[in-house]
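Since the structure comes first, as structure tokens, the remarks are kept for the end.
The values are calculated or read from the model by the stated rules, or taken from the named source; none is laboratory data. This is a predicted model, so every value here is computed, not measured. Neighbour counts run over all protein chains shown; Cβ positions are idealised from the backbone, glycine included. Ligands, DNA and RNA are stripped out before the accessible areas are found, and what is left, the full protein with its side chains, is counted by its heavy atoms. Shrake-Rupley method; radii C 1.70, N 1.55, O 1.52, S 1.80 Å.
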Amino acid sequence: MAELLADKDRIFTNLYGLQDWRLEAARSRGAWNGVPLMVEAGPDWIIEQIKASGLRGRGGGGFVTGVKWSLMPKEEDGGNRYLVVNADESEPGACKDRQMVGGDPHLVIEGAFLASYAIKAHHAFVYIRGEAVAERERLQAAVEEAVAARLIGKDNIHGWDFELVIHHGAGAYICGDETAMLESLEGKKGQPRLKPPFPANAGVYGRPTTVNNVESIAVVGTILRRGAEWFLGFGRPKNAGTKLFSGCGHLNAPNVVEEAMSIPIRTLIETYFGGVRGGWSNLKAIIPGGASSPMITPEQAETMLMDYDSPKEFKSMMGTGTMIVMDKSTDLVRAMARISYFFKHESCGQCTPCREGTGWMWRVMERMADGDAEPSEIDLLLEVASQVEGHTICGLGDAAAWPIQGLFRHFRPEIEDRIMSYRARRPHFQGAALIAAE
């Protein structure tokens, strides 16, 4: 078994809300410790430390965080710069961010302050899913605590004026795309923007903007306190650090846990999630990183590691690290039809391949779930999915295509048998039922 993360190396020490989340308790756990020294070291030092730590975006994209910060314009023109923290978490199966925000909101605020200082921004937004009512209320209360303690705000003790605004989203999956989120922040319909220009040059209100996932931001303070080498010591090369993983579905103990990157997926399931319902032999498939990730088989789950590179070997992805486990009682075709409906429903309609293709794929998947399809439609469905994939402004078209591709990659015979069974039960010409009755 892989070596498990020691409690002393966990960043989110109140992940389960067993301790007080307020400022005094958060400080006793290390939050805000050493921040004046970090500010004194300067923005360039912070960026270089985050680069050296190997931290990559925890929202699924995996872009190197320090490099993203360094893309902001070097020259200041006297106008505003912004940091936008994505806590929307609208991927089906994902539940890590709200757990972390509710337990350790001051780590989010501290990280937002340090990141904003590094990119020379005085203003930041946390875009949080509006349905996560308790978490956004707690985060707002924590911001007010930090302002009252003069840790942030105007004329704070660190000498860098910093305003943090909690913005409530309206439940649109498409706002997981950074540019759609920026549109929503500006009060417009959440639709992705064409790029270029990229947010680093023209983001919120046309000003330079850096967008990061909330987990990426929340670990910044701890990395700077403990050192880049400490964080780099976990996981494989190019997959450094600790990460929040969650498991839902047919597990004995669905949960959220912080572990080192590159942990084997089977170790994660059996150590932290109570194992598969009915035992490992009852496992049918796993979606490793939220609903958009192509599923993998039990055989692949024996060797796959939870990081950015290992799932690629199996034509899948870690995504947000929020897995959905399905046992042998699962109707995989109907499950993928339901996921197809979700992506059809969430399409903003801006791109023709996505607007038309997601609805078409869902309708075909619904028929295939019943078996009411022609065998030739399988290849037609895969062809349409490949035409939707990679031909849209944002990644929603890809997200709609990948689950279907994963299903047919591993379970095509199951769908073919269902179609044959349906055809055998249905008369193929008028009057056949009467003949059978005679």
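Look at (1) in a loop (DSSP other than H, G, I, E, B); (2) under 19 Å from residue 120 (Cα atoms) and you find that residue 91 fails only one, number (2). With the structure loaded, tell me whether residue 362 is open to solvent by 30 Å² or more (accessible area, probe 1.4 Å), in a helix (DSSP H, G or I) and touching a Lys or Arg at 6+ places or on another chain (Cβ under 8 Å) or whether it fails that test. The answer is yes for residue 362. Taking segment 159-184 as the range and being touching a residue at least 60 places away in the same chain (Cβ under 8 Å), crowded, with 19+ Cβ neighbours inside 10 Å and under 15 Å from residue 90 (Cβ atoms) as the test, the residues that pass are 169, 172, 173, 174, 175, 176, 177, 178, 180, 181. The set of residues from segment 166-211 being part of a helix (DSSP H, G or I), out of contact with any Leu (no Cβ under 7 Å at 6 or more places or on another chain) and either under 28 Å from residue 345 (Cβ atoms) or hydroxyl-bearing (Ser, Thr, Tyr) (or both) comprises 173, 175, 176, 178, 179, 180, 181, 182, 183, 184, 185, 205. Here residue 383 does not qualify as open to solvent by 30 Å² or more (accessible area, probe 1.4 Å), modelled with pLDDT under 95 and within 28 Å of residue 421 (Cα to Cα). Somewhere in segment 337-353, is a residue surrounded by fewer than 16 Cβ atoms within 10 Å (Cβ to Cβ), over 22 Å from residue 249 (Cβ atoms) and not acidic (Asp, Glu)? Checked against the condition, which is being surrounded by fewer than 16 Cβ atoms within 10 Å (Cβ to Cβ), over 22 Å from residue 249 (Cβ atoms) and not acidic (Asp, Glu), segment 337-353 yields at least one hit.
A quick yes/no check of all residues on (1) closer than 15 Å to residue 400 by Cα; (2) surrounded by fewer than 21 Cβ atoms within 10 Å (Cβ to Cβ):
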position: 291; (1), (2): yes, no
position: 294; (1), (2): yes, no
position: 298; (1), (2): no, yes
position: 309; (1), (2): no, yes
position: 316; (1), (2): yes, no
position: 321; (1), (2): no, no
position: 325; (1), (2): no, no
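It is to be established whether one or more residues within segment 338-346 are within 21 Å of residue 416 (Cα to Cα), modelled with pLDDT of 95 or more and not polar (S, T, N, Q). Yes, because at least one residue in segment 338-346 is within 21 Å of residue 416 (Cα to Cα), modelled with pLDDT of 95 or more and not polar (S, T, N, Q). With respect to the conditions (1) within 28 Å of residue 40 (Cα to Cα); (2) of a type in the set (A, V, I, L, M); (3) open to solvent by less than 10 Å² (accessible area, probe 1.4 Å), residue 224 lacks only one, and its number is (3). Sort out which residues of segment 35-56 are closer than 23 Å to residue 234 by Cα, open to solvent by less than 40 Å² (accessible area, probe 1.4 Å) and outside any helix (DSSP H, G or I), and write them in order of number. Correct list: 54, 55. Yes or no: residue 64 free of Cβ contacts under 8 Å to residues at least 60 places away in the same chain, touching a strand residue (DSSP E or B) at 6+ places or on another chain (Cβ under 7 Å) and more than 23 Å from residue 255 (Cβ to Cβ)? When the stated conditions are applied, residue 64 passes them.
Each row is one residue, and each column tells you yes or no for (1) touching a Pro at 6+ places or on another chain (Cβ under 9 Å); (2) modelled with pLDDT under 95; (3) surrounded by fewer than 23 Cβ atoms within 10 Å (Cβ to Cβ).
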| site | (1), (2), (3) |
| --- | --- |
| 117 | yes, no, yes |
| 122 | no, no, yes |
| 127 | no, no, no |
| 131 | no, yes, yes |
